[in-house]
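Encoded as structure tokens, the structure appears first; notes follow it.
Rule-based calculations on the coordinates, nothing more; no lab input. Because the structure is predicted, anything quoted here is derived from the model rather than measured. In this analysis, Cβ positions are derived from the backbone assuming ideal geometry, glycine residues included, and neighbour counts consider all displayed protein chains.
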Amino acid sequence: MDNLSVDHLTGIDNLTTNDIELIFKTADSFKEVINRPIKKVPSLRDITIANLFFENSTRTRLSFELAEKRLSADVVNFSAASSSVKKGETLIDTVNNILSMKVDMVVMRHPNPGAAKFLSERVDAKIVNAGDGTHEHPTQALLDAYSIRERLGKVSGKKVVIVGDILHSRVALSNIYCLQKLGAEVMVCGPTTLIPKYISELGVHVEHNLVAALDWCDVANMLRIQLERQEMKYFPSLREYSMQYGLTKDILDGLSKEIVVMHPGPINRGVEITSEVADSSQSIILNQVENGVAIRMAVIYLLASKIKRQ
């Protein structure tokens, strides 16, 4: 079997193109599994996985949990909101306590950038980053690129625009890394206040006019405004943001070509995207959700194959 070049999935930045292709190839076979009447395989019957979520999450946590159960792993769920972390216990202590219960892999979401990498260097378990602050969200980028490949046949040579709150988005950064490694051209679009200063150093185009960005692209990935991460006002109001950067059916119909519309969720309907667009035939939002389980199965399966058995 082919192997990943990494022992943990802490970010897209340290994956090779071969790693990404291997994850996609593995996800292809798991996609067949989850569309069968019996949706489980016994691949990871002897593996225990802990899901540690230090930030609220519904979709990502459910998607990981489903992926783990489809692979027949034993699953432990841990929510920091109701844990000893509230009593001042450190991240290392929390994780080591869980590992002493013989856990093989940790899927972690944490508000601090770099938390997953920090952990991977200090504990004896495979680490999967399910989002670290405003830094990276690697499995989301993988499922986004996989969904583009599924709809358009390939990612290489495609033009993808990421629209919205780039400054606070871990999805945007992981997507930029992943799409560029696969040979796509990337543009970001949003108000000046929501585009980070360093972004042009990553080799992406910057556009502030939504229609111009949509005219350029093959795929538009619409991000939500992350109000919970904003400590100050970056634009006058949601209504004003929506008028400038909200994607409507009229805008889509006015373009010279048909583009693919994506959204990592959760959707703020009527802000960054209207219901009409979200539910249209150009949208692959529900495909992304389905592909999320297959991609996470692939990542967990490939990392589990590197666990040394005593």
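What the table shows:
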| item | result |
| --- | --- |
| Subset of the stretch 269-304 (residues that are under 21 Å from residue 161 (Cβ atoms), among the charged types (D, E, K, R) and surrounded by 21 or more Cβ atoms within 10 Å (Cβ to Cβ)) | 272 |
| Per-region count, the stretch 116-166, residues charged (D, E, K, R), within 26 Å of residue 206 (Cα to Cα) and surrounded by fewer than 24 Cβ atoms within 10 Å (Cβ to Cβ) | 5 |
| Lone unmet requirement of (1) of a type in the set (A, V, I, L, M, F, W, C); (2) more than 18 Å from residue 213 (Cα to Cα); (3) assigned to a loop (DSSP other than H, G, I, E, B) for residue 166 | (2) |
| Members of the stretch 90-112 that are without any contact (Cβ under 8 Å) to a residue 60 or more places away in the chain, in a loop (DSSP other than H, G, I, E, B) and either charged (D, E, K, R) or buried (at least 16 other Cβ atoms within 10 Å of the Cβ) (or both) | 102, 103 |
| Hits in the stretch 1-58 - residues which are polar (S, T, N, Q), assigned to a strand (DSSP E or B) and within 20 Å of residue 131 (Cα to Cα) | 51 |
| Residue in the stretch 189-210 that is in contact with a Lys or Arg (Cβ under 8 Å, 6 or more places away or on another chain) and surrounded by 24 or more Cβ atoms within 10 Å (Cβ to Cβ) present | no |
